[in-house]
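Bear in mind these aren't lab numbers, they're just calculated from the coordinates by the rules spelled out. Only a predicted model underlies this, so the values are computations on that prediction, with no experimental measurement involved. Methodologically, a virtual Cβ is constructed for each residue, glycine included, from the backbone with ideal geometry; neighbour enumeration extends over all protein chains shown.
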Amino acid sequence: MKIFTEAAITLLELLGQTLWGFKPNLMRAIGEQHGAAKALTWFLLNMPRYERTVKDWGPVRTHLLVTEISVLNGCPYCTFGHAYALQLFYFKETGQVLPVDEQQIVAWHTLDEAAVIDQFKSLVQSTALTEHQHRLDRMLLLRQGAEQPASKEDRQILHLLTMFSFLNQCGISGKATPDQAHDPVNKDMALKAEYRRLREESRA
């Protein structure tokens, strides 16, 4: 069975390499925790739907929601990957950097849930992300089970909650170390270099 698991891990790493320009650290954790068949089946069922959500919503909204979901679930690995992608797209669209960097967002794991929600509200309300606040609020209601999905967008949010419950748990159990941005934008080296330059200037 080990040979099939290793083959599945290699295939998933090649998928990450193709999509994002690097081999994601999480792929080994997923393969080792769930085996070849379940790992490959899970990606076949979930990644196309996730990609459709990114296409429908745009990357900023998608990565913003996934970042908050991953912080609430306690997964530094997924938090970093999607917070970094959010940073790059926000910089690409606005020419500005967010007031907190991806490492600072990861550090929100030390806060309780109410404080995490407050941090995201503060971030959104102090930037050009304000249009996305109601979707974050809706995500929280669906996550808490306070309301049932009533629209296509609700079902997309619910899929993200389910999908990242799985990925976050794999990252936590596997103690996956953060790597790079979890999006094809990660392959834009010029954008990453310019973002890093402006981020350093903002710290100075």
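Arrange the following residues from fewest to most other Cβ atoms within 10 Å of their Cβ: M27, M139.
Ascending number of Cβ neighbours within 10 Å: M139, M27.
Give me the distance in nm between label points sitting 7 Å out from Cα along the Cα-to-Cβ direction at A190 and E131, one decimal.
So the two model labels end up 2.6 nm from each other.
Determine, for D179, D137, the number of other Cβ atoms within 10 Å of each Cβ, and report the residues in order from fewest to most.
The fewest-first ordering by Cβ neighbours comes to D137, D179.
Please list, in order along region 136-145, the HN-Hα scalar couplings obtained from phi with the Karplus expression 6.51 cos²θ - 1.76 cosθ + 1.60 (θ = phi - 60°), rounded to whole Hz, x for Gly and Pro.
5, 4, 5, 4, 5, 5, 5, 5, 7, x
When a footprinting reagent is the concern and you count Cβ atoms within 10 Å, what order do M47, M189 take, fewest first?
Least crowded to most crowded, the residues run M189, M47.
Given (1) 35, 20, 15; (2) 36, 17, 14; (3) 26, 21, 16 as candidate values of semi-axes √(5λ) of the Cα gyration tensor in Å, which corresponds to the one derived from the coordinates?
This structure yields the entry labelled (3).
For the charge dipole of region 129-204, defined by +1 on Lys and Arg C-beta atoms and -1 on Asp and Glu C-beta atoms about the Cα centroid, which residue among I172, I157, A190 has the Cα displaced farthest towards the positive pole?
Of the options given, the answer is I172.
Can you compute 3J(HN,Hα) from phi for each residue in region 72-86, using the Karplus curve 6.51 cos²θ - 1.76 cosθ + 1.60 with θ = phi - 60°, rounded to whole Hz and x for Gly and Pro?
4, 7, x, 10, x, 4, 5, 4, 4, x, 8, 5, 5, 4, 4
Under the definition of Cα pairs under 8 Å and six or more residues apart, what whole-number percent is the relative contact order of the chain?
Relative contact order comes out at 31 percent.
Which whole-Hz ³J(HN,Hα) couplings does region 116-129 yield from phi under the Karplus relation 6.51 cos²θ - 1.76 cosθ + 1.60, θ = phi - 60°, glycine and proline marked x?
After applying 6.51 cos²θ - 1.76 cosθ + 1.60, I find 4, 4, 5, 4, 5, 4, 4, 4, 5, 6, 9, 9, 7, 9 Hz.
Kindly provide the helix-only [θ] at 222 nm of the chain, computed as the sum of -39,500 (n - 2.57) over DSSP H runs of four or more divided by all residues, to the nearest 500 deg cm²/dmol?
-25000 deg cm²/dmol
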